[in-house]
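Written below as structure tokens is the structure these notes are about.
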2 protein chains.
Amino acid sequence: MTGETELENWTLKKTGWQAGDAAEDGNRFLCANGYMGLRGTVEEAGKEQFAAVTLAGVYDQFEDRWREPVNAPYPLYAALSFDGESLSPDSAGSGNHETELDYRSGIYRRDTDFGPVRLRTKRFVSMAAHHLLSDCLEIEVRQAGTLEIRTGIRTDIWDINGPHLFGFRIESGETLLCRGETGEKHISVASAQCAAADFAAEETFETNDKGVFRILRRKAGAGEKLTAVLYAAVYTSLDGAEWKEAAEAECLQAKAKGYAACLREHEDAWEKIRNCSEVLLEGNEQGALALRASQYHLNSIAPRHAGNMSIPARGLSGQTYKGAIFWDSEIFLLPMFMYTQPEIARSLLNYRIETLPGALEKAAEYGYRGAFYAWESQEGGKEGCTNFNVVDVFTHRPVRTYFRDRQIHISGDIAYAMRSYYETTGDRSLLEQGGAAVILECARFYLSRANAHADREEVDFADVIGPDEYHERVTNNAFTNRIACSCIDSALRLQEDFQDRPEWFAALLKERQFEADWHLLPALRDRIRGPKKKNGIIEQFDGYFDLEDCSLDTVRGRLRDPREYWGGDHGVAGTTQIIKQADVITLMALFPEDFSDGEVDANWAYYEPRTEHGSSLSACMYALTACRTGRTDEAWELFLRTAMIDVTGGGKQWAGEIYIGGTHPASNGGAWMIAALGFAGLRMVHGEPELHPHLPRQISRLVFPFTAKGKKLMAEVTREGHSITER
Amino acid sequence: MTGETELENWTLKKTGWQAGDAAEDGNRFLCANGYMGLRGTVEEAGKEQFAAVTLAGVYDQFEDRWREPVNAPYPLYAALSFDGESLSPDSAGSGNHETELDYRSGIYRRDTDFGPVRLRTKRFVSMAAHHLLSDCLEIEVRQAGTLEIRTGIRTDIWDINGPHLFGFRIESGETLLCRGETGEKHISVASAQCAAADFAAEETFETNDKGVFRILRRKAGAGEKLTAVLYAAVYTSLDGAEWKEAAEAECLQAKAKGYAACLREHEDAWEKIRNCSEVLLEGNEQGALALRASQYHLNSIAPRHAGNMSIPARGLSGQTYKGAIFWDSEIFLLPMFMYTQPEIARSLLNYRIETLPGALEKAAEYGYRGAFYAWESQEGGKEGCTNFNVVDVFTHRPVRTYFRDRQIHISGDIAYAMRSYYETTGDRSLLEQGGAAVILECARFYLSRANAHADREEVDFADVIGPDEYHERVTNNAFTNRIACSCIDSALRLQEDFQDRPEWFAALLKERQFEADWHLLPALRDRIRGPKKKNGIIEQFDGYFDLEDCSLDTVRGRLRDPREYWGGDHGVAGTTQIIKQADVITLMALFPEDFSDGEVDANWAYYEPRTEHGSSLSACMYALTACRTGRTDEAWELFLRTAMIDVTGGGKQWAGEIYIGGTHPASNGGAWMIAALGFAGLRMVHGEPELHPHLPRQISRLVFPFTAKGKKLMAEVTREGHSITER
């Protein structure tokens, strides 16, 4: 990061301009509304600067490249020239440019002083109307001259594994319209744009291989203040038959309504979101601000427009990680939504219910029964993960990785989330409307995947990958074995969940042809190998303690290329005890009742120094367990690291030769978890919410709204005490 | 290979000198007698040219490097100088040097014309007295001058992972003696040497950090012909308490006996060996010569001096492959010995019986019961294979390989060999004296290693490596599953083998605490997954057909470094259908009764083009199966490739950064197998030997001696017919 960045009150502000920051700033200054994400690049930016509008849930595969989400034709392009000279932040000089993001309601502002002209913009992706984007350009003319404002929709789209849109059809006039169709499934994507200027100008249109452009030209006098507002709408054919007409209509309606009204509706929508989810943290300004940033990012990408979508690992910040849904959704994102906006949590889980057929298919592909959920799930549960998910930096050859075939904990994670949702919200309809079937099919998968033996009772899960992905193809990963047990427990408990509707449950078993398997589950559950311990430390997997025990620095020192992939047998970490992320500690965070405080503390002390935290799924788990054992200083430090990740930028940008930059929803969700579940200690006990606080000395007061079993509640924790009240 | 090489009658002859050939010629011109191997380097050569006397069965580990066999102090060093100028083949000029190896009785000759002096030597490693080596130097002086002959024992020893000998103690006088002790186990190694010259000379001694030397200096006249004979003996403290005295005594006794008499005893011993094993091949001179070369190499390294030793993968040609015993011994070397010199076959198998404790220990190390034999077995069954058995050429980092932990077919190979030996020789004492226990413990290992399931009967062997080592960690390798079944069958058949001694067998089961396991074996056997087929082609392992199906040339073309390791997930072959060596075809060669001719042919046609033959264990299996289906032209071509390997040199010299050059006993054994078991079709049918010939058109007649069930027999196959007669 270059340029000076400040986080103050609700605003992230960056002073100065460095062209090389564009990729990272695109993530940090992201605006999104769950339907789409508009990267935080300046209006003049093109594909070279990773300017993009990324669509949620619309995927395409080009040739044999990776399937990934589709970026729409970019409809908020705008660039100025003055007296024939193009203006850009590059030419303005580094000191004459500022960027801001207001986390309260996701408003992006830029301010560039080009000398003869100053440009201020203010844009948002509407939280009230999820197809709408708008940008207000204020131009101050300092000296007389010819001003040209070039705006339009760009068809030269940034794609990682594209192109994805073909056969563009372009219309211009009051509304610019640009339509293209994906190559794989022929999904149409349309971007429309119209403009309202408060000044007279010569208007011309231009269509070329970069897109369609509206050019406003005016001989401007010194001191003129001009305003032009761009209204844009994005639709796809998945949104209904009238997608093209809707795109045009929506921007014209917005134009008619006016910028101020559109903005107000957007801000009102955000206020409602904040009212049900905002955590007030007192005592430490940095912590408060970081938490706001985190919550902004997570709330902005929640699928509010659909009841059956989930959230990709890099949110809507681009095509990184193929726009796929990982276990992040169930384990790291779900808790905040479940406690603050259960309808969004339900959408995340409905996505898994609807993609059950894909999971059944994947299990069958590997010769198993039941539901083996995709590691990188795309629409319909399609597996986005390939067998070669990393590129070797030395040979430039794809590396065979086993994420796709061996991360079997994903099914258990989903079953775990289903039960958590039910127990927290009390909403049994989730189970009735597909959730119970998911849990059963996941249990069946473990039944089918389990390794029994010819000469002994014990059951292993062999050849798996646990949360720590650096160690591939291990046996009896403690976390995986436990989540499998939990899944089987959850399946068996369904009988009790539906004891008032035994016929319904019997019918379900029958419908899924589950009767024979049902009777095998209790014995399987009893025989699954529990964790192996040495001096109280749980062995992450069989043989882990036999691996080279060296420091993180030693392992880092062995890198010959900074972009090298650390994991697998060829990676610097794979043959050592250095792990990518919390694994045994995730086990302890998810199943706290299995372990004593002493055990948690000893394992924390063992594993933390051996953890690279090379994933956004790590620090949160260490922080949650640290709270429990009174390591509140460490928890606070990890909380800041987690909550600040999309403020400071950073994080790993490369895995081998694959770009993995973007925002970090799991960290955002993790920050809320640390605050609410860790510091405040919120948990459900016998069906009732309780607080068991572990406030770090940096915090004097925590207040946050939540819901449990349908009740709207408010939690408050201070040094003096804590309370849960109705609101 | 540079220099011109001819193979004529019984002799391999090379004309010319190229210093760069020393390493490869050291293998091709090897002399050995089972106790030790003397590399085929010139007398002047030192460690830089890989001159060495490698000892069978004496291992040492230096620091954390690989354990490997120990090379003795080199006792046949000799170099001339004339008028103060050192003479060497380098200085003689390339055209003035010849080397020969007589395959009849392993006599190495060199002839170098230095100009003023010509040196002819003739040396052997005695097959009659296995500690003895001798070299006869004939020097023809062309012009008057001062001749100096420097001979001695070198202590600057060539080691790959050394040094291994420490604390040298040196004596000089009539006998030069040099003793050192290994670092790991304090095994003493002594080389002694004495010399007999037929001319008067000034004799002086020199001891320095290179060894101990005897210098003979003479003012020689033009036309003088001088002869000096070196007698050397090598002993270790493993040979008995009097090892030092014996070394001295043995060379003095040889000196007293004289070179001619020693040579005659050596040649007589070789004649006996040839009489019981030599295959006469008529109709094709190249084939006949290649077969002689092959048989020479294999016979020269047979452990005739001990009843409990086996043969390393690179014989006694050096320390390559750690001097370890692989499955080569049971599957590729055993057949020739079993049919021609059963006492040597018995020694090979006794080695496995004696190392059973090591195999039990290895199984326990991995959490299994029974006998898991070492992949690279050293003395006592110690595993020589490390977890990092290849070095990456790009990063120079050791690569995690799974040869050590997953090549579980080794135990079945050994059980298979035990039964073959018993059925061919009729010698049940092998089973009584430990063989039956080995078979039982191997079966127990498979019982313990098998993957059963919680919801179905089928049993898999998961996470294994089959014969084709390029594909690591595969499931249901067809060969591995079959050899495991065969091992269990063999265990179950023991009851029948000992139906005349039921108490003995019951006592054996009891002694080994095998009763409970015994009852589990039949069900296990029935449930092991048989081969999966697609269009009649057996899938080498689960998922093999889903791998990239590309040509060998395509895969080779992807190499970025000629020394790259092809295998594992990172290798160019590992993710394709290209295999290192016969795998399904080995299954068909070892279990011919399981398959129809048509199946064999179809699988041959599928797999052969996908096989790199990157191992000496490959061509032989393809040739054997090709014979069966009438592909005799292909069989002939593979036979020549197999039999010529140690004539032409070549073969892979590198695996990653590891040197793997040496002789190829498995190919040597394979050549005999192709001739006797393939072309002549020798096999045991209902306890009697039969011939089922498949003579290639290149062969008019095959005659060879063999023994079966204790009877000495002679097989003859011509185009007209075939016969087995007593001899």
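The values are calculated or read from the model by the stated rules, or taken from the named source; none is laboratory data. None of these values were measured; they are calculated from a predicted model. Here the Cβ is made from the backbone with ideal geometry for all residues, glycine too, and neighbour counts use every protein chain on show. Areas reflect the complete protein model, heavy atoms only, side chains present, ligands, DNA and RNA absent. Shrake-Rupley method; radii C 1.70, N 1.55, O 1.52, S 1.80 Å.
Just to verify a result, which residue in the stretch A:533-552, among those that are assigned to a loop (DSSP other than H, G, I, E, B) and more than 34 Å from the chain's Cα centre (by Cα), is surrounded by the fewest Cβ atoms within 10 Å (Cβ to Cβ)? Before the answer, list the steps.
Taking the stretch A:533-552 first, the residues assigned to a loop (DSSP other than H, G, I, E, B) are A:535-536, A:539-543, A:547, A:549-551.
Next, only the ones that are more than 34 Å from the chain's Cα centre (by Cα) stay: A:535-536.
Details: A:ASN535: 7, A:GLY536: 12.
Selected residue: A:ASN535.
Identify all residues within the stretch B:399-416 that are open to solvent by 10 Å² or more (accessible area, probe 1.4 Å), assigned to a helix (DSSP H, G or I) and either free of Cβ contacts under 8 Å to residues at least 40 places away in the same chain or not aromatic (Phe, Trp, Tyr) (or both); write none if there are none.
If the condition is that a residue be open to solvent by 10 Å² or more (accessible area, probe 1.4 Å), assigned to a helix (DSSP H, G or I) and either free of Cβ contacts under 8 Å to residues at least 40 places away in the same chain or not aromatic (Phe, Trp, Tyr) (or both), then B:ARG404, B:ASP405, B:ARG406 are the ones that fit.
Which condition number in (1) more than 10 Å from chain A (Cβ to nearest Cβ); (2) touching a Ser or Thr at 6+ places or on another chain (Cβ under 8 Å); (3) surrounded by fewer than 18 Cβ atoms within 10 Å (Cβ to Cβ) is the one that B:GLN581 fails?
(3)
Return a yes/no flag: does the stretch A:100-111 have any residue that is touching a residue at least 12 places away in the same chain (Cβ under 8 Å) and farther than 26 Å from A:ALA643 by Cα. Walk me through it before giving the result.
First, pick out the residues of the stretch A:100-111 that are touching a residue at least 12 places away in the same chain (Cβ under 8 Å): A:100-111.
From the residues that got through so far, the ones that are farther than 26 Å from A:ALA643 by Cα too are A:111.
The answer is yes, given that some residue of the stretch A:100-111 is touching a residue at least 12 places away in the same chain (Cβ under 8 Å) and farther than 26 Å from A:ALA643 by Cα.
I'd like to know if the stretch A:697-711 contains one or more residues that are in contact (Cβ under 8 Å) with a residue 40 or more places away in the chain and closer than 30 Å to A:VAL391 by Cβ.
The answer is no, given that none of the residues of the stretch A:697-711 is in contact (Cβ under 8 Å) with a residue 40 or more places away in the chain and closer than 30 Å to A:VAL391 by Cβ.
With respect to the numbered conditions (1) open to solvent by 60 Å² or more (accessible area, probe 1.4 Å); (2) part of a helix (DSSP H, G or I), which one is the sole condition not fulfilled by A:VAL555?
Every listed condition holds for A:VAL555 apart from (1).
Let me confirm something: among A:ALA45, A:ALA56, A:ALA72, which residue is under 23 Å from A:ASP159 (Cα atoms) and in contact with a strand residue (DSSP E or B) (Cβ under 6 Å, 6 or more places away or on another chain)? Talk me through it step by step, then tell me what you get.
Working: A:ALA45 fails: in contact with a strand residue (DSSP E or B) (Cβ under 6 Å, 6 or more places away or on another chain); A:ALA56 fails: in contact with a strand residue (DSSP E or B) (Cβ under 6 Å, 6 or more places away or on another chain).
One residue alone meets the criteria, A:ALA72.
Matching residues to (1) within 25 Å of B:TRP66 (Cα to Cα); (2) out of contact with any helix residue (DSSP H, G or I) (no Cβ under 9 Å at 6 or more places or on another chain):
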{"position": "B:TYR402", "(1), (2)": "yes, yes"}
{"position": "B:MET418", "(1), (2)": "no, no"}
{"position": "B:GLU441", "(1), (2)": "no, no"}
{"position": "B:ASN451", "(1), (2)": "no, yes"}
{"position": "B:ILE465", "(1), (2)": "yes, no"}
{"position": "B:CYS487", "(1), (2)": "no, no"}
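Quick check on A:ALA233: is it under 24 Å from the mean Cα position of the chain (by Cα), open to solvent by less than 30 Å² (accessible area, probe 1.4 Å) and of a type in the set (A, V, I, L, M)? First the steps, then the outcome.
Numbers: under 24 Å from the mean Cα position of the chain (by Cα): yes; open to solvent by less than 30 Å² (accessible area, probe 1.4 Å): yes; of a type in the set (A, V, I, L, M): yes.
Yes: the conditions hold for A:ALA233.
Being of a type in the set (Ser, Thr, Tyr) and touching a Leu at 6+ places or on another chain (Cβ under 6 Å) narrows it down to one of A:THR632, A:THR642, A:THR576, so name that one. Steps first, please.
Working: A:THR632 fails: touching a Leu at 6+ places or on another chain (Cβ under 6 Å); A:THR642 fails: touching a Leu at 6+ places or on another chain (Cβ under 6 Å).
Among A:THR632, A:THR642, A:THR576, only A:THR576 is of a type in the set (Ser, Thr, Tyr) and touching a Leu at 6+ places or on another chain (Cβ under 6 Å).
What are the pairs with Cβ atoms under 7 angstrom where one residue, in the stretch A:364-381, is at the interface with chain B (Cβ under 10 Å from one of its Cβ atoms) and over 18 Å from A:LEU520 (Cβ atoms) and the other, located anywhere, is open to solvent by less than 50 Å² (accessible area, probe 1.4 Å) and not in a loop (DSSP other than H, G, I, E, B)? Sequence gap at least six, or different chains.
Every condition considered, the pairs that remain are A:TYR366/A:ASP405.
Which of the following residues is touching a Phe, Trp or Tyr at 6+ places or on another chain (Cβ under 6 Å), open to solvent by less than 60 Å² (accessible area, probe 1.4 Å) and over 30 Å from A:ARG352 (Cα atoms): A:LEU289, A:LEU263, A:LEU226?
Details: A:LEU289 fails: touching a Phe, Trp or Tyr at 6+ places or on another chain (Cβ under 6 Å); A:LEU263 fails: touching a Phe, Trp or Tyr at 6+ places or on another chain (Cβ under 6 Å).
Exactly one residue qualifies, and that residue is A:LEU226.
Condition check: hydrophobic (A, V, I, L, M, F, W, C) and open to solvent by 10 Å² or more (accessible area, probe 1.4 Å). Does A:PHE388 satisfy that?
Details: hydrophobic (A, V, I, L, M, F, W, C): yes; open to solvent by 10 Å² or more (accessible area, probe 1.4 Å): yes.
Here the answer is yes, as A:PHE388 does meet what is asked.
Look through the stretch B:398-414, keep the residues that are facing another protein chain (nearest Cβ under 9 Å) and within 23 Å of the chain's Cα centre (by Cα), and return whichever of them is farthest from B:VAL474 (Cα to Cα). First the steps, then the outcome.
The initial filter retains those residues of the stretch B:398-414 that are facing another protein chain (nearest Cβ under 9 Å), namely B:398-402.
Imposing the further condition that a residue be within 23 Å of the chain's Cα centre (by Cα) reduces the set to B:401-402.
Details: B:THR401: 13, B:TYR402: 11 Å.
Checking each candidate, the answer is B:THR401.
How about the stretch B:418-523: which helices (runs of 4 or more DSSP H) wholly inside it have at least 1 residues that are polar (S, T, N, Q) and more than 14 Å from every other protein chain (Cβ to nearest Cβ)? Give the steps one after another, and end with the answer.
Values: elements: B:436-449, B:478-497, B:502-511.
The helices (runs of 4 or more DSSP H) meeting that bar are B:478-497.
What's the number of the condition A:SER310 fails, among (1) open to solvent by 40 Å² or more (accessible area, probe 1.4 Å); (2) out of contact with any Asp or Glu (no Cβ under 8 Å at 6 or more places or on another chain); (3) touching a residue at least 60 places away in the same chain (Cβ under 8 Å); (4) within 30 Å of A:GLY678 (Cβ to Cβ)?
Evaluating A:SER310 over (1) open to solvent by 40 Å² or more (accessible area, probe 1.4 Å); (2) out of contact with any Asp or Glu (no Cβ under 8 Å at 6 or more places or on another chain); (3) touching a residue at least 60 places away in the same chain (Cβ under 8 Å); (4) within 30 Å of A:GLY678 (Cβ to Cβ) leaves (1) as the failure.
With respect to A:ARG493, determine if the residue is open to solvent by 70 Å² or more (accessible area, probe 1.4 Å) and within 32 Å of the chain's Cα centre (by Cα). First the steps, then the outcome.
On the way: open to solvent by 70 Å² or more (accessible area, probe 1.4 Å): yes; within 32 Å of the chain's Cα centre (by Cα): yes.
In short, yes.
Take the stretch B:140-159 and flag every residue that is surrounded by fewer than 23 Cβ atoms within 10 Å (Cβ to Cβ) and either touching an Asp or Glu at 6+ places or on another chain (Cβ under 6 Å) or over 19 Å from B:LYS210 (Cα atoms) (or both).
B:GLU140, B:VAL141, B:ARG142, B:GLN143, B:ALA144, B:GLY145, B:THR146
In the stretch A:589-611, how many are assigned to a helix (DSSP H, G or I) and open to solvent by 10 Å² or more (accessible area, probe 1.4 Å)? Spell out the reasoning first.
Taking the stretch A:589-611 first, the residues assigned to a helix (DSSP H, G or I) are A:589-590, A:592-594, A:597-610.
Adding the requirement that they be open to solvent by 10 Å² or more (accessible area, probe 1.4 Å) leaves A:589-590, A:592-594, A:597-599, A:601-602, A:604-606, A:608-610.
Number satisfying all stated conditions: 16.
Determine which member of the set A:GLU8, A:GLU63, A:GLU44, A:GLU68 is among the charged types (D, E, K, R), surrounded by fewer than 19 Cβ atoms within 10 Å (Cβ to Cβ) and in contact (Cβ under 8 Å) with a residue 12 or more places away in the chain. Steps first, answer last, please.
Numbers: A:GLU63 fails: in contact (Cβ under 8 Å) with a residue 12 or more places away in the chain; A:GLU44 fails: surrounded by fewer than 19 Cβ atoms within 10 Å (Cβ to Cβ); A:GLU68 fails: surrounded by fewer than 19 Cβ atoms within 10 Å (Cβ to Cβ).
None of the others qualify; the one that does is A:GLU8.
Can you pull out the helices (runs of 4 or more DSSP H) entirely within the stretch A:263-376 that have at least 1 residues that are basic (Lys, Arg)? Give the derivation first.
Numbers: elements: A:285-300, A:334-340, A:342-354, A:356-365.
By residue number, A:285-300, A:342-354, A:356-365.
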